[in-house]
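Bear in mind that the values in this text are calculations on the coordinates, not laboratory data. Just so we're clear, the structure is a prediction, and the values are computed from it rather than from any experiment. Positions of Cβ are generated from backbone atoms using ideal geometry, with glycine treated the same way; all protein chains shown enter the neighbour counts.
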Amino acid sequence: MAPALVRLVCVGSEGVSRMASNPIRSDQVGVTPQVAAEEELPPEATSAGRARALLRRALAGHEREDALDPAQLAMSEIVTNALVHAGTSMRLRILLAPQGLRVELADGSHRMPARRDFGPAAATGRGLLLVEELATRWGAYPVEEGKIVWFEFSEDEHLWDRLQHAGTADDDRGIVVVELPRMPLLMHHAWQEHATSLLRELLLVRLDAELSALEEHASASDALALLAEQVPAPDVGMDPDIVMSLTTEPAVPDPDLRLLVPRTSVPNFAALDVMLDEAIRLAEHGELLWPPTQPEIQAMRSWICEQVQSQAVGGQATAWASLSTAPPPEHGSPDLDWDDVTVRESPLAVLAADDANRILAVSRSTLDLLGYDDPAELVGHRLISVIPERFHQAHIAGFTLHLVNGRSPLIGRRVTVPALRRDGTEVEVGLRIDSHVLPQGRTLFTAEFLA
């Protein structure tokens, strides 16, 4: 296996994958990278020492010989990581340019490395943190045979983005570069947890009756894993004020995300789309016990899967466009066994909604606050109808995560938010949201608008 470089993928300190597209040719910058060493390494402990020896010989007399000590440490870490987590033969390649060193290690595992934070007493897990600390940059990307992990030492952080590396084109390597403009990062993060759990529930339902269930589940899970490895997950924490400040448009979409998909995995995105459609249908008919899936989540998933399949055959990228007028999702369970009188007749500004994100009841004070005359103008509509559009993605993601794993940074706490009135204007209100699990397993949400 002699891996060739595809376009660069940079993994930063938060594990955010990015591809540096359209690099300038080497003849445009007057620099030609040199393959100083390339060797096959066996899956043995001695390979780390062999790799360091190759690096010492390659850097002898080079302008970046000063980077030898930290580069050897970084080399030891990526080789050891491959031995532990891949256990396959490896292909090492060392490239040099004036004032620049790049090391690439290919192995036979498709599982991508991830930077993790471990406690001070942990015996493992610090390898990639060390590589990150030592090198100018590091990263990883998939290839048909597995993956390539790389690191760079250079006085110019973007030197290697401007070099045309030796190797064949993406298509010849079996890699599809998929553009996902305006990728909704918050919704994708919520969908990952939702989809993983939903697929597991579907597998349990299908296992006894369908022999193909395991194979189809593996295909869908492969597509889901590729996205999890390459799409950054926003970290907004649990502090309500920080959550509110970091989750508004236009900060939460990624304007130019690109995904590297092995051609062998392209059909798995169709399988993922089909299986989640089936799971949602079963849930809506009460055959699968799972919270309703928001229409934006469904639309985003179909958009991602369609983009992968379309661009794999030469189609043009289409940017994500949010939905704001979709009806609430269906739910196969009976209506909530709940008396709405306490909300309808409350002297306070109160609103109640169910776990399908549907408004169930509003008080007279709420109607007055939001500029409505008739409760029927809100009851039965989605909560999103009283939320400004720049908060829609955050609302859908937060709502989904709460139902899937109980994440609730805003539940039970007072926050100051803008509310959308009937005439399109906004009013800033204090808001307290509480969730109530009802005896039938459904969830009721109440929101009180505070002075």
Gained length - Glu144 relative to His436, 0.36 nm times residue gap less alpha-carbon distance: 100.3 nm
Label-to-label distance, nm, for residues given as Glu377 and Val415 (7 Å Cα→Cβ offset): 2.6 nm
Label-point separation in nm, Glu65 to Val427, each point 7 Å along Cα→Cβ: 7.5 nm
Interchain or long-range residues, amide H under 5 Å from Ala349's placed H: Phe449
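Stretched out fully, how many nm does the piece from Ala299 to Gln316 gain, at 0.36 nm a residue minus the Cα gap? Walk me through the numbers on the way to the answer.
Working: separation 17, 0.36 × 17 = 6.12 nm, distance 1.84 nm.
Working it through step by step, the gained length comes to 4.3 nm.
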